[in-house]
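Just so it is clear, none of the values below were taken in a lab; they were calculated from the coordinates. Just so it is clear, the model here is predicted, and its values are computed rather than measured. Heads up, the Cβs are rebuilt from the backbone with ideal geometry, glycines too, and the neighbour counts pull from every protein chain shown.
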Amino acid sequence: MAILLVVVIITAASSVATATISVNVISKLSSYISAQTYVPSYDYEKSSGLGYFLDQKANTIVVTATATKYVMPSRIRIYVTIENVEPLKNVADAYTNVTLRASKLIGTVKAMEGVVYVQTTGLTLSPSYEYRSGQRIFKGYIATYSLLIESSMESAGKVIAEVVNVGADAIKWIALTAPDDVIENAKKEALREAINNAYEKAKLMADELNISLGKVLHVSIGYTTPIVRAYTQMFEYRIIAEGVPETPIEVGKGLAVTVTVTTVFEIS
């Protein structure tokens, strides 16, 4: 199939005799043409078995390339909930219990160094039931107040510990992040690299196949925006103890900002 691949491209691009194509050239092509490199079909297609297509009439090469830049997170988002764990018979008691505790938590956290913002994300108040012998039995009311806290990485461990101490009932998740301008700069750097990768890939193919690389006919760009979020049960626990130690935070390689560029080149 690899021999057929080379023959079809060269027949479309020039009158060079296919007998002059060596097995070495075919071997080189197989090593760098990825599953995302193909020639689109306007009439019929021939599959190379390597994940791309060749067409005698298309006279184009479509190349996909990616690039990734890592950003070190400077902030952390903490999603916290406060609720009356045991149902309360009076709806006003359930509501009051949660809102008073939430007010205390908000006041404490907002006063801490390194906290960027505190945002209310939800409040629910609903009846709770249990079922016995097929009958629904009213138990009381459950109120839940949810809160999003963003702090600097330097203060994150202390903020989480204080959230536990003050009275949150659960930490649902934490997410590492960075300011928008830092993410945008990483996108630009990754985009430049991805464009260069796409061009170099297309140029290498053209040189090996003895065809000319023409103008760019189309470009599409895709981004992967980073958020590293933990949803595990490790971050969901009830608050009982006092003097909770500061939470350790590891950032690893950082946040991966990935750009994918798909480019259509004219060939002759």
Full extension between A161 and S212 adds, at 0.36 nm per residue less the Cα distance, a length in nm of 12.1 nm
Sorted largest first, extent of region 101-159 alpha carbons per principal axis (Å): 54, 19, 15
Put a dot 7 Å past each Cα toward the Cβ at Y70 and S268; how far apart are the dots in nm? 4.5 nm
Approximate spin-label separation T99-T124, in nm, with each point projected 7 Å along Cα-to-Cβ: 1.9 nm
Expected output is a single nm value to one decimal: the length gained when fully extending between I137 and I249, i.e. 0.36 nm times separation in residues minus the C-alpha distance. What is it? 35.9 nm
How far apart, in nanometres, would the label points at M112 and E200 be if each is projected 7 angstrom from Cα along the Cα-to-Cβ direction? 4.5 nm
Take each of the peptides 245-255, 204-214, average the number of other beta-carbon atoms within 10 Å over its residues, and list them starting from the highest. 204-214, 245-255
If I histogram all Cα-Cα distances within region 148-202 using bins 5 Å wide from 0, what percent of pairs lands in each bin? 4, 15, 17, 14, 11, 9, 9, 8, 7, 4, 3, 1
Residues Y223, Y199, Y141 arranged by fewest to most Cβ contacts within 10 Å: Y223, Y199, Y141
Using packing as a proxy for protection, rank 85-93, 62-70 so that the peptide with the highest average count of other Cβ atoms within 10 Å comes first. 62-70, 85-93
What is the Cα coordinate range of region 74-174 on the first, second and third principal axes, sorted by size from largest, in whole angstrom? 53, 23, 20
Tail beyond 20 Å, pair distance distribution of region 103-238 (Cα, percent): 67 percent
